[in-house]
Each structure stands twice: as C-alpha cells, then as structure tokens.
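One structure below.
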Amino acid sequence: MYNFVRLKASFGGEFDKVSWRVPKELHEVEFERFDVAVKQGTSNREWIQATLNHCGYEFTDVVEKQPVWTARHDGRKLQPYKQVQPPVPYLVRNGKQQRGVVRTGIGYQLIPVTMKTLLRELPRLQNEDLNGSGPIVIDKTGLPTQPTWDKSKHKTYVEYKQAINYEKYLVATDSPWFVGKGSREMARKWYAKEFGVTFEEELRPRTIHVIRRKKAN
C-alpha cells in the first residue's frame with residue numbers, strides 16, 4: 001500500500017504526498033498485478049478510489065487542523081550554492097564518500113538544488129511515512145524561483161535549463177533528508193543559518209485522505 005500511494009497516487013495538488021495517511025499496519029500490503037484502464041476525463045479521485053475498492057480498500061476524507069509553515073526570508077544575500085552543504089556530511093568509509101546512504105540530514109538527491117525544490121520537498125519528506133500530519137510549506141520568501149518547464153517551448157529538460165540559465169537559481173549542493181526524529185528542528189536551524197529563511201507555524205484545517213479496509217455494505 002505504501003508504494004501504491006507514494007508512487008501512483010501522489011502527484012501534487014489535492015493528492016500531494018502530504019495529504020495521505022496510511023496506517024502502519026497497511027504499509028506492507030501488496031496488490032496483485034493488474035491493469036487499470038482509465039476513461040479520458042476520469043478524475044484522479046475516481047480512479048484511485050476504484051483501484052482501492054477493487055483490492056478491498058478505500059479512502060475517506062477527514063478535515064483536521066494541521067501545521068502550515070509560512071517561509072520568510074530576512075533579506076540577506078545568499079551564499080554561492082557550492083558553499084551550502086547539508087547539515088550532516090556524507091558518510092566516509094576507507095577515505096571515500098558513501099553517497100546515496102540515507103540518514104537524517106544527509107544529502108539524498110545528489111545534485112545541486114534550488115530554493116523552490118527545497119521548499120517543495122520539505123513537506124513531502126516530513127510525511128515520508130504517510131502519516132498525514134507533517135507541515136505544508138507556503139513560500140513567502142520572495143527569493144527568485146525558476147519558471148516552470150514549458151514543454152511547448154523547450155522539448156527537453158536540458159534545453160529548458162540552458163535557456164533559463166538554471167544555475168543562477170541554485171542555492172545548495174544537495175537536498176537534505178529531513179526525515180525522522182529531530183528532523184523538523186534540524187531543518188529549521190539549517191534554513192535559518194544557511195539562507196536566513198524562517199518558518200512561521202500555525203494550524204489550519206486541511207483535508208487528509210485516510211486509507212482503510214473497505215467497510216461491508
């Protein structure tokens with residue numbers, strides 16, 4: 001179930017990864033392989049629910065007060081991105097960096113990242129276990145952000161990056177794995193120290209999609 005939600009049913013908007021809650025006891029549930037044919041015009045809600053129903057499950061919406069972080073910038077000049085490292089260094093064994101090892105605070109994307117990417121990934125990381133209670137982030141920093149890739153103008157991602165001079169939007173050498181105990185406070189400190197970005201937290205009503213076993217009629 002975990003992989004179905006994370007890889008198939010989470011794609012932004014109403015069904016972003018931060019909107020799902022999957023009970024721990026359902027994480028290891030596996031579906032038999034089958035094809036899903038979706039008629040044009042079918043909503044995401046319809047096909048996700050139909051797929052779950054076919055397997056004996058369903059999701060229901062609940063509205064809860066959950067944390068919302070508003071990100072603000074203090075106006076300082078940002079450092080060159082090559083000087084900004086994740087808060088925890090890559091592991092080193094026998095004199096070599098063990099890139100790809102995931103641990104709280106270590107870089108996990110292994111590529112330079114923009115502020116837009118960092119602030120997009122932070123809430124998804126905080127809901128990595130699909131608990132539906134991590135903060136969402138609203139970007140009020142005013143920092144420059146790269147335009148969305150328009151495939152009608154640039155056929156490939158490489159062409160897009162070259163056309164907009166993507167490097168000028170980079171702010172760090174990698175995106176930290178802010179997951180697990182202590183990761184939220186670590187993230188707050190890192191953003192404040194490296195970028196002058198702080199988060200104002202408040203509770204707001206949010207819709208959470210909760211997966212459960214399908215109830216008998």
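Using the Cβ-Cβ distance between K155 and R33 with R0 set to 25 Å, the FRET efficiency from 1/(1 + (r/R0)^6) comes to roughly 0.15.
Relative to the current alpha-carbon distance between V210 and V92, full extension at 0.36 nm per residue lengthens the span by 38.5 nm. Between the Cα long axis of helix 44-54 and the first principal axis of the chain there is an angle of about 50°, rounded to the nearest 10. For region 132-159 and region 1-64, write down the distance between their C-alpha centroids in whole Å. Here the answer is 25 Å between Cα centres. For the pair Q162 and L203, the difference between a 0.36 nm per residue extended length and the Cα-Cα distance amounts to 10.7 nm. Here the 3J(HN,Hα) profile of region 21-35, calculated from phi with Karplus coefficients 6.51, -1.76 and 1.60 at θ = phi - 60°, is 10, 10, x, 3, 5, 9, 4, 8, 5, 10, 8, 5, 5, 7, 8 Hz, Gly and Pro shown as x. Between helix 183-195 and the chain, what is the angle of the helix's C-alpha long axis to the longest principal axis, kept within 0 to 90° and rounded to the nearest 10? Helix 183-195 and the main axis of the chain meet at about 30 degrees. Using C-alpha pairs under 8 Å with a sequence gap of at least 6, the mean separation divided by the residue count of the chain gives a relative contact order of 37 percent.
Multiplying the residue separation of K82 and T70 by 0.36 nm and removing their Cα-Cα distance gives an extension gain of 1.7 nm. Exposed loop sites are taken as chymotrypsin sites (Phe, Trp or Tyr not before Pro) in a DSSP loop (any state but H, G, I, E or B) with at most 11 other beta carbon atoms within 10 Å; the longest stretch of the chain without one runs 35-217.
We did not get these values from a lab; they are worked out from the coordinates using the rules stated. A quick note: this is a predicted structure, and the numbers were derived from the prediction, not measured. Glycine also receives a Cβ, built like all others from the backbone with ideal geometry; neighbour counts cover every protein chain displayed.
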